[in-house]
Structures are given as structure tokens and as C-alpha cells.
Amino acid sequence: MGRQRISLKKSNCILSMLSRINRAIVRAESPDDLFRAACQIAVESGLFSAAWVGLVAPHSRTLQVLCHTGEIGSVDRVLARPGGFPDTVRTAGEMRILDKPETRTAALFPLELVRHGIHAMAGLPLYEHGRVVAVLTVFATDPGCFDAAVTALLHEVTEDICFSLDHQLSEQHRLAAESKLYYMASYDAQTGMPNRSLLEERLPALAARAEQRGAFLTMFAMRLMRLDRVAQIIGPAATNDVMRTIALRLEDLRGADGLLAQLGHEEFALVTLGARDSADVESLARTMVRAVEQPVHLDGKEVFLHLAVGGVTHWLHDQDVTTLLRRARAAANQVGAEGGFRLYSPDLDRDLERHVEMEAELHRALERGEFELHYQPQLNMKSGMVVGVEALLRWRHPLRGLIPPNQFIPLLEECGLMSRVGTWVLRTACAQAREWQELGLPAIRMAVNLSAQQFRLADLVTSVAQALGDAGLAPEALELELTESLILENAEQTIQVMHDLKKLGVSLSLDDFGTGYSSLSYLRRYPVDRIKIDQSFVRDIMEHSSSAALVRSILSMAHNLGLATIAEGVETPAQLGYLRKQVCQEMQGFLFSKPLPADELTEMLRQGRGLASDDPVDAAASTLLIVDDEAVVLKKLSLAFRSEGWKILTAGSGEEALVMMWEHGVGVVVSDLQMHGMPGTEFLRRVREMYPMTVRTILTRHADFETVAEAVNAGNVYKVLSKSSSIESLRGDLRDAFRRYEAKVEYLRRTGQQAHADNGKAAKVKTP
Ligand code: C2E
Ligand code: CA
Ligand code: CA
């Protein structure tokens, strides 16, 4: 009994050490960083009482102390000596363990260590490109510490670190990104938890283990409730902190053989073998609910969340993750808004009945013409022009209105309809592209998403060729978007189909890049023309320097491989600015436009709308518009402010000013109140409505309190300036106004919010 408990604790320590080292690998910026982290984690995991790292000097091949953690007194330098234990590990080039009293010679095992209660140690050589670059030594008080399990752990840790040194941490930028992607494929970037693909990978082994022991395998699906509301209040960065805290709490409940995975922004799955009966399952679930309900403390604030848990247990190992997860989720969906637990039972399949109903509706949808395509513009960053559109499927349900694809595409796939609908999408999109050409609109690319099911069909290539032929569309005008997971599902065959498609003359782009399994090096094997950087990275660019760095790496790697790049989900001017600086070629996102019905897109193409080609945020941040019907005032002020380096626009009327604002991004507007034509109050009201980002000020001579007050309210005016003030003080006020503009942009950036009314206005839209 006693022995068992110890080994359970130990295996917990081992798991914790492994997963923490992997997280450190994802985060480390340099080899030294990683070594230091490993040294610390080794001790914090509770397995070892101390750890030490020595670096191999490149020329002399001697060891130099890098760091140590835990109590080893003044031995740290002694350990580095030639002929010392770490040095023998370096020369042997393989792990060595010293735990027998008879091997404790003074040279190998300094007496000082024994004085600190240390009775065993192990040395691990760390390789980079085939050379030992460092030696990690761990120390234990228990002579029996280095048993088979710990030795296996150390081997694994060494392998992971060496892999990272070879791939991630080598100086080359390219490889840095590659390995990060490799790790990100298995671990969630924010919390460092295993993700779904790792869960899928490990589940069969867990199930087999459960079977061996005659134990239950229990899968819990957990959904954090209220997270969106909380995120709105505390912002994305703090939300990530909350997620990390919650993840750690849940990890504590995982058990030695369990696995905790993060499935999505607010969803976790936990697999455990520990439960013996349904009472165990229930009590474990309650513990999880309570753990999450404990308030999370954040800078003096408390955040409260609820957890909905659904559980399913099973005996057989042939169940796949999808089925288990679907059942656990169905159970979790039964939990009310206050959180709690439900165990799966077959009557929950009522949910599935609803699916069946929807399936029937989907079958009819195609015949009844309820599907439609919306088109989202893709723009070239340099020219600012629309160069393509992505066709996105919508279902216009007779009762429920427009349904977005994520609500029915999984169902289409489940009931095997996806390939038929996919073919319809292809044909409709090609026909639409052809129609635009016939209208004489600028030539643009039509991008169509392909699903895995379509790929599995033998005649995908034929059906693409047919869609093109029937529409009379040149293949160069068509681009097919596929995801990495789709490619990897059946790599060899898929790559062959990709080559066949390329032979037709269509181009291929890799969708959601960075979220799947593939490391960048795989890209060389795929005949793709473009990669689409996933929106999750774009969203995080401003929040997480690691996302920004990753985007940069992806872009430079793509550039090296001669691949085109497009960033999707661009919502803010700041994101756009960053992507532009990093030379991303194209963008797609709400900042410029949402997906639009065909006729609205036709209109947009007709008008030739595009992004302003220079950096719109920077431009607006220093553009001043002065509106006054007295030409002398305009002249005087433009001259007076010229030295500020602002771009100064002037307009003699509200009408004229509005046209200018349409054409240029404007940060600050100064408006007279008494003007011919449109009154100042009305002008400011419109500016407030159409360009809420622009900071509005009034310049007036009259101290007519009522008019001023009315204008201030109508235009939500930032400052009232007097024409009789000195130029010096006006200048100061306008500087304040520009600072105010920047603060607004910054706020928008921080909250990740998008001002829909302002859509494309801060990042101005221009007419040719
Ligand atoms: P996707 O291929 O990654 O498409 C991009 C999705 O991001 C679209 O969602 C689009 O509306 C959304 N989006 C674009 N810009 C922004 C932005 O700035 N912010 C945010 N938050 N979202 C933005 P949508 O239309 O709901 O489509 C969802 C997914 O459904 C698509 O993701 C694609 O995987 C799938 N899908 C859509 N149409 C088809 C289709 O015809 N065939 C197949 N196989 N899949 C499709
Ligand atoms: Ca897509
Ligand atoms: Ca995408």
C-alpha cells in the first residue's frame, strides 16, 4: 500500500515534469533559457533535490557552470572540473547514473554533496546537431531514486530537449518557427496543455491500459461558462491568465494516468482511468466543478466562472475520440447556466434525434435552393486593391434565417452530403466568377474551400475541371483552399490529388495555417501556392509577442519557399499595420469587409473600393482636417500648424469635408460652427456617426452658449477651441486631440474590439 502511494506520487511528479518541460520548450527563446528552465523544473517537480547545468565550451570542450537549482553548497564549480562526473558524461556522450556507494569516488562524488544529503545523481548529455553542448545533472537524496520510470523520464526529457535544440533553438529563424509549430501542433499555445490531436494520439494507449486493468475509462468534456462575458470585461490578456489558472487547477485533478487536453478557447477534455464506479465519476466531476468555481484572483479583482461537465464511461477500447467526445459534450450541454455535471446516458441521444431532423432538412435544402454563397474580399496590401474573394457557404433556412457554416457543415459531413454540396459550391462560385468577368469588372481570383470528403472522392479533379468548363472560367482564376489536417489525413494520396489539381492550372492555398499538425518543413512536400495565416495568430498579434514572432517566422519562411501569403481575420488597423510591416502580401478580414452577398460584392468591385495603400493608421494619426467657410482662417491655421508635421486638409464646407473624410483617414477634425450650407452641428453629428474614431473639436468665435452646447452634444465633441486663443494654446489643444486619437486606437486594439460603424474608415476606404 505504502509503496504504491509513493509510486503514484512519483509518476505524478514525472508527468508534471515532462509536461512542464514541454511547455518550457515552446516558450524558450534560447538554449540557455531552456537549460535554466529545465534545471528549475527538475527540482520543482519534486523528483530531485537539486539540478545543475554546465555548458561545453566550444573550443576547449571543458564545462562551464551555467546554473544550478537546489542545495548543493559550493560544489557547483567543483562539478565543472575535468574528470568530474558531468565531464565523464560529456565524454561518454550518454546518460550516466551514480547511485552505488562504491562508485562514490571523491572525484566523481564530492563529499560536500553527501553533506547536503545527496546520495545519487544522474547526468544527461544534451546534444545539438550531434555534439554535446551541455550536461544536465540531477541530484537525489534517495539512493533508489533512479528506477526504471525515472530513467525513462530522463531519456524522454533529454530527447525532447535535444529535438528542440536541433530544430527550435538553433539560430536559424526558419527552424525556430518550424519546431514551434511542431509543438504547437500538440500543445495549446496559451496554456501549454495538450490539445486535441495529442488526445487523439494518446487515447488508444489509455484505453488499452484501462482494459488491461479492468478499469473504466472516463472521458469528461468541460466547458467554461460565462467566459465570453468575463473576457469582455477584463480583456483578452487577463482572460488568458484566467485560462492558465483554470487549466492548472484542472491538471491537479487529472490523476497519474489521466490526460487533460484543451480543445478550444473555453473547452477542455479530461480522460482518467481512476474511477471505479459511477459514484467515483460523479465525485470527480463535482471536484472539478468546485475547483473552477473558486474565484480567480487578478490584480485585486475576483473572477467567477462556472463549469459544465459531461462525462461518459466505457469499457471497450474500440471507441474513437469523436464518439466519446460527442457523448460527453451532449451530456455537458444538458447542464444549466449555473454549471454542474451530467453523466451521459443513451436518452441524451435525443440531441442526436434533432440532428437527424436537421439532416433531413439539409437533404431538402439542396433541392430547394436554400444554400447561397457569400464572398469575402481578399486585398493586396501594397496596392490596396481587391485581388480575390473567398466563397463562403450559407444556409438560408426557411424558418431560422441565415445559418453560418460551422452550424451545418459538420452535419453535412456526418451525413455524407458534403461532397454534393461542395460540388454545388464549386459550380456556383465558378459561374459567379465568370459573371463578374463578363460584367467587365477587374479580374479577381475566386477561392473555394474544399472539405475532406470532397477530397476522398475519386473524381474531385474531374468535378473541378467540369465546374470550370461549364462556367467557361480559366483555371487560373480558381484557387482551392485546403487545410493541413485534410492533407495529413491521407497524405500520400492527397498529395497526388493536389498535383493533379495543379496540373489543371488551378492554384492551391493552405487554410488555417499554423493550427494543424504540419511543421513548416512539410510545406516543401505540398504543391501549394499560398498559405493563409490562421486568424487566431492574427488576433493575438498585438497581445502576445509569441504570436507576433510566429507570424513573422511564418512569413519569412513562406518567403524563402517562394509561397504567397495571406492573413485572415484582420480586424484592426494595428493588426494590418503589423502585417504590412512584416510584408504579408494579402489580407482578408472584417476590417475591410465581411463576407457579402454576390450583388453587394458586384457593387464593391464596380466602385473599385480598396484599402488605402499607405499605412492608414499612421496616416490618420497625423492628419488634421480644418473646416471653415472663411478662407483666411483656413490659410492662417494651416500655416500656423505646418511645423507640427501634421498632414493638413482644409474644407470650406461640411459637405466638402465629408468627401475628404471619405478619401483620407482623418485623426482630428476642427470645425467652425457658423458656416454656409451644412451647419457645423450637423456636420459634427455626421462625423460622429460615420467616423467615430475621429476626434472632433469645435473652433468658434461666438460665445453663443446654446449653439456650442448643442454641437458638443450632437457631435460628442472632445474640445471647444476659441478663435481668439493664441496659436500656441491651440497647438497644445490639438496635440492633446491627437493623443486622444491614439488612445482610442490603442483602446480598440487592446479590447480587440472592432468598430463596425467605423469599418474601414479608420483604415480608410478609397474610391479611385
Ligand atoms: P474559413 O475557411 O477559415 O473561413 C474564414 C471564416 O472567417 C469565415 O467564417 C469568415 O466569415 C470568417 N472571418 C473572415 N474575416 C474575419 C474577421 O475579421 N474576424 C472574424 N472573427 N472572422 C472572420 P464562416 O463564413 O462562418 O465560415 C466558417 C468556416 O466554414 C470556414 O472557415 C470554412 O472552413 C467553412 N466553410 C465555409 N464555406 C465552405 C464551403 O463552401 N466548403 C467547405 N468545405 N467549407 C466551408
Ligand atoms: Ca477558407
Ligand atoms: Ca481559414
Qualifying residue in the stretch 86-99 (condition: without any contact (Cβ under 8 Å) to a residue 40 or more places away in the chain and under 20 Å from residue 116 (Cα atoms)) | yes
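Just checking, how many residues over the stretch 371-387 are within 14 Å of ligand 3 (Cβ to nearest atom) and touching a helix residue (DSSP H, G or I) at 6+ places or on another chain (Cβ under 9 Å)? Full working, then the answer.
As a first pass, look at the stretch 371-387 and keep what is within 14 Å of ligand 3 (Cβ to nearest atom): 376, 378.
Now restrict to residues that are touching a helix residue (DSSP H, G or I) at 6+ places or on another chain (Cβ under 9 Å): 376.
So the answer is 1.
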Answer yes or no: is there a residue in the stretch 700-711 that is surrounded by 19 or more Cβ atoms within 10 Å (Cβ to Cβ), within 18 Å of residue 650 (Cβ to Cβ) and in contact (Cβ under 8 Å) with a residue 40 or more places away in the chain.
-> no
Away from ligand 1 (no atom under 14 Å from the Cβ) and either under 28 Å from residue 503 (Cβ atoms) or surrounded by fewer than 15 Cβ atoms within 10 Å (Cβ to Cβ) (or both), is that true of residue 461?
-> yes
Any residue in the stretch 14-40 that's closer than 18 Å to residue 195 by Cα and assigned by TED's automatic domain parsing to the domain that holds residue 125: show its pairings with residues that are hydroxyl-bearing (Ser, Thr, Tyr) and assigned to a helix (DSSP H, G or I) at Cβ separation under 7 Å, as long as the two are six or more apart or on different chains.
-> 22/183; 25/164; 25/183; 26/183
All positions within the stretch 526-563 that are touching a strand residue (DSSP E or B) at 6+ places or on another chain (Cβ under 7 Å) and either polar (S, T, N, Q) or within 15 Å of ligand 3 (Cβ to nearest atom) (or both) | 528, 530, 531, 532, 533, 534, 535, 538, 551, 554
Can you find even one residue in the stretch 457-464 that is away from ligand 3 (no atom under 16 Å from the Cβ), polar (S, T, N, Q) and under 31 Å from the mean Cα position of the chain (by Cα)?
-> no
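Please verify whether residue 404 is surrounded by fewer than 16 Cβ atoms within 10 Å (Cβ to Cβ), at pLDDT below 95 and within 16 Å of ligand 2 (Cβ to nearest atom), treating the condition exactly as stated.
On the way: surrounded by fewer than 16 Cβ atoms within 10 Å (Cβ to Cβ): yes; at pLDDT below 95: yes; within 16 Å of ligand 2 (Cβ to nearest atom): yes.
Against the criterion (surrounded by fewer than 16 Cβ atoms within 10 Å (Cβ to Cβ), at pLDDT below 95 and within 16 Å of ligand 2 (Cβ to nearest atom)), residue 404 qualifies.
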Count of residues meeting criterion [within 16 Å of ligand 1 (Cβ to nearest atom), of a type in the set (A, V, I, L, M, F, W, C) and buried (at least 21 other Cβ atoms within 10 Å of the Cβ)] in the stretch 428-454 = 7
When (1) surrounded by fewer than 20 Cβ atoms within 10 Å (Cβ to Cβ); (2) at pLDDT below 90; (3) within 20 Å of residue 271 (Cα to Cα) are applied to residue 340, the one that fails is (2)
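Yes or no: residue 72 assigned to a loop (DSSP other than H, G, I, E, B) and either under 45 Å from the mean Cα position of the chain (by Cα) or surrounded by fewer than 22 Cβ atoms within 10 Å (Cβ to Cβ) (or both)?
So residue 72 passes the test.
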Mind listing just one residue for me: the one in the stretch 189-214 that is in contact with a helix residue (DSSP H, G or I) (Cβ under 8 Å, 6 or more places away or on another chain) and part of a loop (DSSP other than H, G, I, E, B) and, of those, nearest to residue 277 (Cα to Cα)?
-> 193
Which residue out of 571, 600, 543 is within 16 Å of ligand 1 (Cβ to nearest atom), not in a loop (DSSP other than H, G, I, E, B) and not aliphatic (A, V, I, L, M)?
-> 600
Which residues, taken from the stretch 398-421, are in contact with a helix residue (DSSP H, G or I) (Cβ under 8 Å, 6 or more places away or on another chain) and within 16 Å of ligand 3 (Cβ to nearest atom)?
-> 409
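Only one of 221, 215 is surrounded by fewer than 20 Cβ atoms within 10 Å (Cβ to Cβ) and either touching a Lys or Arg at 6+ places or on another chain (Cβ under 8 Å) or over 16 Å from residue 328 (Cβ atoms) (or both); which?
The conditions single out 215.
Out of all the residues in the stretch 37-69, which are in a helix (DSSP H, G or I) and either surrounded by fewer than 18 Cβ atoms within 10 Å (Cβ to Cβ) or among the hydroxyl-bearing types (Ser, Thr, Tyr) (or both)? Talk me through it step by step, then tell me what you get.
So the first thing to find is which residues in the stretch 37-69 are in a helix (DSSP H, G or I), and the list is 37-44.
Across the stretch 37-69, the qualifying residues are 40, 44.
Look through 591, 605 and report the one residue that is away from ligand 2 (no atom under 16 Å from the Cβ), part of a loop (DSSP other than H, G, I, E, B), touching a residue at least 12 places away in the same chain (Cβ under 8 Å) and of a type outside the set (Gly, Ala, Ser).
Working: 605 fails: part of a loop (DSSP other than H, G, I, E, B).
After applying the criteria, what remains is 591.
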Taking residue 584 as meeting all but one of (1) buried (at least 19 other Cβ atoms within 10 Å of the Cβ); (2) assigned to a helix (DSSP H, G or I), write down the number of the exception.
-> (2)
Of all residues in the stretch 110-155 being more than 36 Å from the chain's Cα centre (by Cα) and farther than 20 Å from residue 14 by Cβ, which is surrounded by the fewest Cβ atoms within 10 Å (Cβ to Cβ)?
-> 111
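The values are calculated or read from the model by the stated rules, or taken from the named source; none is laboratory data. Remember, predicted model here, so these are calculated numbers, not experimental data. For neighbour counting, all protein chains shown are included, and Cβ atoms are generated from backbone atoms with ideal geometry for every residue, glycine included.
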